[in-house]
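The values are calculated or read from the model by the stated rules, or taken from the named source; none is laboratory data. For clarity, every value in this text was computed on a predicted model and none was experimentally measured. As a convention, Cβ positions derive from the backbone with ideal geometry for all residues, glycine included, and neighbour counts pool all protein chains shown. Calculation scope for accessible area: heavy atoms of the full protein, side chains included, ligands and nucleic acids excluded. Shrake-Rupley method; radii C 1.70, N 1.55, O 1.52, S 1.80 Å.
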Amino acid sequence: MVKVLLYVTFVFFSVCEANVKLAHNVIFKAVFAFGDSIVDQGNNNNITTLIKCNFQPYGKDFMGGDPTGRFSNGKTPTDLIAEEVGIKELVPDYLDPNLKTEDIETGVSFASGGCGYDPQTATIAEAIPLSTQLTQFKEYIEKLKGLVGEEEANNILKNSLFMVVAGTDDLANTYFTAGIRLKQDINSYTDLMVAKASKFLKELYKLGARKYLIFGIPPIGCLPSQRTLGGGLNRVCVQEYNEAANTKFSIAIDSLSKNLPQSRMVLVDIYSPLLDLILNPQKYGFEEAEKGCCGTGKIEVTLLCNKFSGTCEDDTKYIFWDSYHPTEKAYTTIVDQLITKYINSFCR
């Protein structure tokens, strides 16, 4: 879930420009998101799971206070990135019963809160596993072909950005909290995560994905809930958790990108900017970095963050919305730092 990870054809632009200055030849036709709650736009609303947030106070600052199933007070990184590059303001979830034709052409999210690279992670949370997200993507491709034809569908996929955000729940929930994989040492477990991630990325490639934005693991030991569960009486950042986040993803993804023709895989370092926000909140206009805005801010997330929990007076002063997910302002701060650097890298 924290965890700590773009598009419409620019018909009126001869160069690729949006709200940010993109390199001359960067053009995306659609944005797709896979993974966990950071980019779940509401898919969990439509499945049987306790990992839901389609109720107040979630969505407090979203389009008039609408709790859509986004795990935040407002927009998610999926929305912010799609808007920054000029695709559309909001990215819908694939399971939205009111999905519009134009949304099918410009991208959707298949992500599910509680999902991870490790299949056990989704099983524990009753989330949609990555294997099922792939199946849903195959269904989506057939719908897209029915709308625009096979040739244009392939062109859209080849020129779309695929966001993959997962891994936080594997470590924070499956390994450290539930202890499901504790028979493995952390080094072996992160090897398993990387192997599963590599397999998933190769499967996406077979289905037409070429441009990937893959979010690394955030400093999970500094999430409010993890401070509460593992940080002692003073709720310090749990260094063991943070160290576990530094896995072998970079080497694996670089190798994949070199061996899959015409692919471009960019690993986003989300660890450093989020940790800097947490350690130096005042530098970015925040005041509270150790607690979430919802309830006590120490443990409330999903069902525990509800209309009876209460919220802080001003969530723009908080890095975290609940005990696991950042606020829209924190997401915006991070996206503003990363967007030009990582999106422009697709030109190389």
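With R₀ fixed at 25 Å, the C-beta to C-beta distance from GLN337 to SER250 puts the FRET efficiency at about 0.85.
Restriction of the GluC sites (Glu not before Pro) in region 119-199 to DSSP coil positions whose beta-carbon has at most 10 other beta-carbons within 10 angstrom yields no sites. Per residue, the solvent-accessible area of the chain (1.4 Å probe, heavy atoms of protein chains only, all protein chains present) comes to 41 Å². Under the shape rule built on the C-alpha gyration tensor, where the axes satisfy a ≥ b ≥ c, region 263-317 is oblate, since a/c reaches at least 1.5 while a/b does not exceed b/c. Enumerate the residues in region 29-47 having an amide nitrogen under 19 Å from the point lying 7 Å beyond the Cα of LYS206 toward its Cβ. The answer is 34-35, whose backbone nitrogens lie closer than 19 Å to the label point. Going 7 Å from the Cα of GLN56 in the Cα-to-Cβ direction, what parts of region 297-321 have a backbone nitrogen less than 13 Å from that spot? Backbone N within reach: 306-311.
Solvent-accessible area of region 31-157 (1.4 angstrom probe, protein heavy atoms only): carbon and sulfur portion equals 48 percent. I need the calculated FRET efficiency for the pair ILE47 and THR316, taking r as the beta carbon distance and R₀ as 25 Å, to the nearest 0.05. Efficiency for this residue pair is about 0.20. Beyond 21 Å, the tail of the calculated P(r) for region 223-348 holds 50 percent of the Cα pairs.
Bridging of LYS206 to aspartates and glutamates at a Cα separation below 18 Å is possible for GLU139, GLU142, GLU150, GLU151, GLU152, ASP254, once same-chain residues fewer than 8 apart are set aside.
Each eigenvalue of the Cα gyration tensor of region 24-165, multiplied by 5 and square-rooted, gives one semi-axis; in descending order these are 24, 18, 13 Å. Taking label points 7 Å from Cα along the Cα-to-Cβ direction, SER272 and THR135 give a separation of 4.0 nm.
With 24 Å as the limit, the listed pairs LYS196/LYS291; LYS29/LYS341; LYS291/LYS329; LYS100/LYS199; LYS29/LYS75; LYS291/LYS341 have LYS196/LYS291; LYS100/LYS199; LYS291/LYS341 beyond it between alpha carbons. Rounded to the nearest Hz, the phi-derived 3J(HN,Hα) couplings of region 199-216 under the Karplus curve 6.51 cos²θ - 1.76 cosθ + 1.60 (θ = phi - 60°) are 4, 4, 5, 5, 5, 4, 4, 4, 8, x, 5, 10, 10, 10, 10, 10, 7, x, where x marks glycine and proline. Karplus-based coupling profile of region 260-274, in residue order and whole Hz: 10, x, 6, 8, 9, 10, 10, 8, 8, 7, 8, 4, 5, x, 5, with θ = phi - 60° in 6.51 cos²θ - 1.76 cosθ + 1.60 and x standing for Gly or Pro. Entry for the chain at q = 0.11 Å⁻¹: log10 I(q)/I(0) = -0.66, Debye formula applied to identical alpha-carbon scatterers, no solvent contribution.
Could you please state how large a percent of the accessible area of region 254-295 is carbon and sulfur, counting protein chains only and using a 1.4 Å probe?
Here it works out to 44 percent.
Here region 231-285 has an Rg and Dmax of 16.2, 52 Å, counting Cα atoms alone. With helices as the sole contributors, the chain gives -10500 deg cm²/dmol at 222 nm; each DSSP H run of n ≥ 4 counts as -39500 (n - 2.57), and the sum is divided by every residue. Taking 0.36 nm per residue of sequence separation and removing the Cα-Cα distance, the GLU102/LEU304 pair yields an extension gain of 69.2 nm.
Among DSSP beta bridges whose residues both lie in the chain, state the antiparallel percentage, nearest 5.
Counting only bridges with both partners in the chain, antiparallel ones make up about 10 percent.
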